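K.L.:
Provided herewith is a single structure, encoded as structure tokens, for subsequent inquiry.
Please treat every number below as a calculation from the coordinates, not as lab data. No experiment lies behind these values; they were computed from the predicted model shown. All Cβ positions, even for glycine, are placed from backbone atoms using ideal geometry, and neighbour counts span all protein chains on display.
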Amino acid sequence: MASYWIETLGCPKNHVDSEKLAGRLQSQGYVAALSVEEADLVVANTCAFIEAAREESIDTVLELADVKARNAQLVVTGCMAERYGEELAEALPEVDLVAGFGVDLVAPTPVSLRSRSTFDLLNLPRPPRATPWAYVKIAEGCDRRCGFCAIPSFRGDQRSRSREEILAETDNLVAAGAREIVLIAQDLASWGHDRRRSRRGEALEVLDEGGRQPVVDLVRSLSSRVEWVRLLYLYPSGLTDELIDAIIESGVPYFDLSLQHVSRDLLRGMNRWGDGARFLERIQRIRERDPQATFRSSFILGYPGETEDDQRQLVEFLEAAQLDWAGFFTYSKEEGTASAGRDAHVAPELALERLREVSEIQDAISARRRDALVGTLQHVLVEAPGRARSVRECPEIDGVIVVDEGLAVGAFVDVEIVESRGMDLVGAVR
Ligand code: SF4
């Protein structure tokens, strides 16, 4: 029986795509290989988000080409294949097929690089998972045009899955043992707007002016089917009062706000909404509603035009916001984005210096917030032997809670936090 090996790079969205590819291959009679050396079909699901990710993707493809069996087929898919397909095919003679999203990797006849319609990756079934949580991708693409981001140029405009498809996938995951689902999309709070638009021919509604938000009902429906529903990547203007209510009432008050910066001028230069004062006001409002609310965000340092004053505003914001978790990235000039052609690029060393400054501040804040949990009781989901998470910790991104190895994977238990170890905590069953 033919076997496959999939190597996945990049973000959680790519991991969902890989699971769906695995489901597709299994439905075609393939079985998972135990190692890349044994596989008949080797797939690299690449990431093209920034320069460093592209380099890692190329290195991985070359390593796979080295270790795979001589007769095995090597296929490159994912964002890099989508974005640089023809160049990649020319530059990597080791590769048998460079295939964009939705291309059937094992079609009986050769497939053309850009043929997208062979199958719909979003709605493919997925094989059972070993963990008691799973990502569910609810949309692909994005209708926004942030100045630094190339995603819309190769993933296209937002394409939301239907409510029925999402609920059916969730029901299957729950039946297979999932107790938490993590919703992902490029711009999660705008889920469903493309569907309404195509029905009514309207432009993307501006939620701040009172638009209704389909994701609110979706979150409510999902949280009646599975214990925990977590939402990743919320564009800040999408965080309406009704969505805040739905998230808090779901029992997982975890807010992953994609802020990118807080300086109003810089945000406008990024073609993004908001400023530090508005973000702080929302965070404050949420904490008043639920003091247990947890906040994560990510920020870019060194965006073209960034000044010392912008950096000062970010430092002040971090100190005032006291976020639980934050990720910092230096700006990467991406082809096909509005910022690539701008002047006033910040020297990479200066961007790195600014990144170090804010990382140090945030690390101390995160550590203090973790320390403050010692002595509290937490309801946790055991996700692997000896490892659990409460609603404060997102899988694969945040710290974890170390627990007794004997606790059953998939069980919810109450633990007392007895120790803090950097970003991780230690919990003892009470
Ligand atoms: S909202 Fe996110 S995915 Fe969409 S353009 Fe902005 S950064 Fe890119």
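K.L.:
Any idea how far apart residue 414 and residue 34 come out in nm if each label point goes 7 Å out from Cα toward Cβ?
P.N.:
Going from the residue 414 label point to the residue 34 one covers 4.5 nm.
K.L.:
Another question about this same structure. Compute the length gained on full extension between residue 26 and residue 285: take 0.36 nm times their separation in residues and subtract their Cα-Cα distance, giving the result in nm to one decimal. Walk me through the intermediate numbers first.
P.N.:
Numbers: separation 259, 0.36 × 259 = 93.24 nm, distance 4.76 nm.
This chain segment gains 88.5 nm when fully extended.
K.L.:
Can you classify region 269-373 as rounded, prolate or oblate using the Cα gyration tensor, where a ≥ b ≥ c are the square roots of its eigenvalues, rounded means a/c under 1.5, and otherwise it's prolate if a/b beats b/c and oblate if not?
P.N.:
On the way: a/c = 2.44, a/b = 1.72, b/c = 1.42.
Note, shape of region 269-373 comes out prolate.
K.L.:
Sort 164, 319 so that the residue with the fewest other Cβ atoms within 10 Å of its own Cβ comes first and the one with the most comes last. Display every interim value, and only then the final one.
P.N.:
Values: 164 8, 319 12.
The fewest-first ordering by Cβ neighbours comes to 164, 319.
K.L.:
Here is a further query. At 222 nm, what value in deg cm²/dmol follows for the chain if DSSP H runs of at least 4 each add -39500 (n - 2.57) and the sum is divided by all its residues, to the nearest 500?
P.N.:
Values: 12 runs with 149 residues, N = 430.
So the calculated ellipticity at 222 nm is -11000 deg cm²/dmol.
K.L.:
A further question on this structure: Tell me the label-point distance for the pair residue 298, residue 350, using the 7 Å Cα-to-Cβ offset, in nm and rounded to one decimal.
P.N.:
2.5 nm
K.L.:
May I ask you to compute the full-extension gain from residue 421 to residue 360, defined as 0.36 nm times their residue separation minus their alpha-carbon distance, rounded to one decimal in nm?
P.N.:
Numbers: separation 61, 0.36 × 61 = 21.96 nm, distance 1.70 nm.
Residue separation times 0.36 nm, minus the Cα-Cα distance, leaves 20.3 nm.
K.L.:
Filter the GluC sites (Glu not before Pro) in region 365-412 to those in DSSP coil with at most 10 other Cβ atoms within 10 Å of their Cβ, and list the result. Walk me through the intermediate numbers first.
P.N.:
Values: sites: 383, 393, 396, 405; in loops: 393, 396, 405.
Qualifying residues, ordered by number: 405.
K.L.:
What is the spin-label model distance, in nm, from residue 333 to residue 367 if the labels are put 7 Å beyond Cα along the C-beta direction?
P.N.:
Label-label distance for residue 333 and residue 367, simple model: 3.6 nm.
K.L.:
Among 423, 270, 1, which comes first, second and so on when ranked by fewest other beta-carbon atoms within 10 Å? Present the calculation step by step, with values, prior to reporting the outcome.
P.N.:
Numbers: 423 16, 270 23, 1 6.
Least to most surrounded, the residues fall as 1, 423, 270.
K.L.:
For residue 137, give me every one of the lysines with a C-alpha distance below 26 angstrom, ignoring sequence neighbours fewer than eight places off in its own chain.
P.N.:
Reachable lysines: 13, 20.
K.L.:
Where the centroid of each part is defined by its Cα atoms, how far is region 80-100 from region 329-402 in Å?
P.N.:
Region 80-100 and region 329-402 have Cα centres separated by 32 Å.
K.L.:
Going by how many other beta carbons lie within 10 Å of each one, how would you line up 235, 254, fewest first?
P.N.:
Details: 235 22, 254 25.
Fewest-to-most ranking of 235, 254: 235, 254.
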